[in-house]
Each structure stands twice: as C-alpha cells, then as structure tokens.
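Engineer: I have a structure here, written as structure tokens, and I will follow up with some questions on it.
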Amino acid sequence: MGKESLYRQAEAEIYSVTDGENNVIANMASVSCLLNFAFEDFYWVGFYLVDPEKENELVVGPYQGTLGCLRIAYGRGVCGEAALSGKTQIVDDVHAFAGHIACDSKTNSEIVVPVFNKAGALIAVFDVDSTKISTFDQVDQLWLEKILNTVFTK
Ligand code: SME
C-alpha cells in the first residue's frame, strides 16, 4: 500500500479512537501507537511536551520506540528547532544536521511537527524517526500536520 493510503487508513483509525476524548495524554498515546504500527519505516514515534515548569524546555511525553532523551531545550536538535520556529522540520540525514541529538544511533532521518492547541499555543512537538535516510517528505508533512491539527485543536 502507498503512503497516501496508509495515512488515510491511519487517519480514520485515529479519529475514531480520539473522537469525544479530550485528555491530551490519552490522545497523544493513541496517535503514537496507531502511526507507529501503520508504517514499517517508523522507528521512534512520539511527543515532546512543552514543560509548564521550565521555560523553553521540552520534556518527553507519550511515545513508542526505544528510550528517548528526557529533556530537550528549545533550539537544540531537530525537536528543539521545531519548538523554537513553530515550523515542521524534515531532516533527510540527521548526521548532516548540526546539533542533532542522537538519542538512538539507529536513527537516520526524521520529521518533527509542532503541535498547537485550540488557542494557538504550542503544546508539544511530534517526532518521527526512521532508520533509513530520506524517509520523510511533503506528503508526510501534510498528513501529519492535518491529523495533529484535527486531534489537538478540537
Ligand atoms: N531526534 C531528536 C531527539 C529525540 S529522539 O531521537 C527520540 C532531535 O534531534 O530532536
């Protein structure tokens, strides 16, 4: 099945599970699980939350995969860059990305999408890592932004 079809199927599953649920952590856990099992290339899938107790710092949230770093300062690594800029980051080769945080040496490419709430405030970043080079493109960006926007701004 192509990427578009896999996203369409995962999207339907995600909406059916999260519909009517307003708990952010429950929704993040469900999104991580369903996307992780939908795509073979997804190796680490999860959220880094904006820490309400520490300014400009992300703390690990619900995820599927190997052990993730616990904290990431804004501006550090791909996640920190997404948090600082508020813009999706696609990295074809993490080894060529200055300041990349290597939580797991198996990661070779990644996409990180900022997550906003209904009020437009940044609440987290969503990080997907792959063991292959150049796994992610604009198709992933469009689908992930759409799904995250639908689930977390309702
Ligand atoms: N790859 C991320 C760090 C988090 S993990 O890989 C789980 C980054 O450089 O932002």
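Engineer: Please work out how much accessible surface Asp137 shows to a 1.4 Å probe, ignoring ligands, DNA and RNA, in Å² rounded to 10.
Structural biologist: Approximately 60 Å² of Asp137 is accessible to the 1.4 Å probe.
Engineer: If you average the sequence gap of Cα pairs under 8 Å that are 6 or more apart and divide by the length of the chain, what percent do you get for the contact order?
Structural biologist: Numbers: 290 pairs, mean separation 32.1, N = 154.
With pairs under 8 Å counted, the relative contact order is 21 percent.
Engineer: For Ala119 and Gln9, what does the FRET efficiency come to when R0 = 35 Å and r is the distance between their Cβ atoms, rounded to the nearest 0.05? Mind dumping the intermediate values first?
Structural biologist: Numbers: r = 31 Å, r/R0 = 0.88.
The calculated FRET efficiency here is 0.70.
Engineer: When the solvent-accessible surface of protein heavy atoms is calculated with a 1.4 angstrom probe, in what order do Glu11, Glu40 fall, highest first?
Structural biologist: I get Glu40, Glu11, largest accessible area first.
Engineer: Determine the calculated [θ] at 222 nm for the chain from helices alone, applying -39500 (n - 2.57) to every DSSP H run no shorter than 4 residues and normalising by the residue count; nearest 500 deg cm²/dmol. Walk me through the numbers before you get to the answer.
Structural biologist: On the way: 4 runs with 55 residues, N = 154.
Computed mean residue ellipticity for the chain: -11500 deg cm²/dmol.
Engineer: Would you work out the charge dipole size for the chain about its Cα centre, treating the Cβ of every Lys and Arg as +1 and the Cβ of every Asp and Glu as -1, and quote it to the nearest 20 debye? List each step's numbers first, then the result.
Structural biologist: Values: 11 positive and 21 negative charges, 42 e Å.
Its charge dipole is roughly 200 debye.
Engineer: For region 106-116, in order, what is each residue's ³J(HN,Hα) by Karplus, 6.51 cos²θ - 1.76 cosθ + 1.60 with θ = phi - 60°, in whole Hz (x at glycine and Pro)?
Structural biologist: 6, 5, 10, 9, 7, 10, 10, 10, x, 10, 10
Engineer: Filter Lys3/Lys106; Lys106/Lys154; Lys54/Lys132; Lys54/Lys154 down to the pairs with a C-alpha to C-alpha distance above 31 Å, please.
Structural biologist: Working: Lys3/Lys106 22 Å; Lys106/Lys154 35 Å; Lys54/Lys132 34 Å; Lys54/Lys154 26 Å.
The answer is Lys106/Lys154; Lys54/Lys132.
Engineer: Still on this model: Please report the carbon-and-sulfur percent of the accessible area for the chain; probe 1.4 Å, protein heavy atoms only, DNA, RNA and ligands left out. List each step's numbers first, then the result.
Structural biologist: On the way: 3980 of 7620 Å².
For the chain, the apolar C and S fraction of the accessible surface comes to 52 percent.
Engineer: At what distance in nm do the modelled label points of Ser85 and Ile25 sit from each other, each positioned 7 Å from its Cα along Cα→Cβ?
Structural biologist: It works out to 3.1 nm between the two label points.
Engineer: Ignoring ligands, DNA and RNA, how do Phe116, Phe136 rank by accessible area with a 1.4 Å probe, largest first? Kindly include the intermediate steps, with their values, before the conclusion.
Structural biologist: Details: Phe116 75, Phe136 10 Å².
Accessible-area ranking of Phe116, Phe136, largest first: Phe116, Phe136.
Engineer: Also: Restricted to Cα positions, what overall size does the chain have along the principal axes? Three whole-Å values, descending.
Structural biologist: So the extents along the principal axes, rounded to whole Å, are 39, 39, 25.
Engineer: Name the trypsin sites (Lys or Arg not before Pro) in region 44-140 that are in a loop by DSSP and that have at most 14 other C-beta atoms within 10 Å, would you? Kindly include the intermediate steps, with their values, before the conclusion.
Structural biologist: Numbers: sites: Lys54, Arg71, Arg76, Lys87, Lys106, Lys118, Lys132; in loops: Lys54, Arg76, Lys87, Lys106, Lys118, Lys132.
The qualifying sites are Lys54, Lys87, Lys106, Lys118, Lys132.
Engineer: Then there is this: Collect residues whose amide H, placed 1.01 Å from N in the peptide plane, falls under 5 Å from the amide H of Glu57; neighbours closer than 5 in sequence don't count.
Structural biologist: Asp51, Tyr74
Engineer: Can you pull the accessible area of Leu67 for me, 1.4 Å probe, Å² to the nearest 10?
Structural biologist: 130
Engineer: Residue by residue through region 29-34, which ³J(HN,Hα) values in whole Hz follow from phi under the Karplus form 6.51 cos²θ - 1.76 cosθ + 1.60 (θ = phi - 60°), with glycine and proline marked x?
Structural biologist: Residue by residue, region 29-34 yields 4, 5, 4, 4, 5, 5 Hz.
The values are calculated or read from the model by the stated rules, or taken from the named source; none is laboratory data. Predicted, not measured: the structure shown is a model, and the values here were computed from it. All Cβ positions, glycine included, derive from the backbone under ideal geometry; neighbour counts span all protein chains shown. SASA here: full protein model, heavy atoms, side chains in, ligands and nucleic acids out. Shrake-Rupley method; radii C 1.70, N 1.55, O 1.52, S 1.80 Å.
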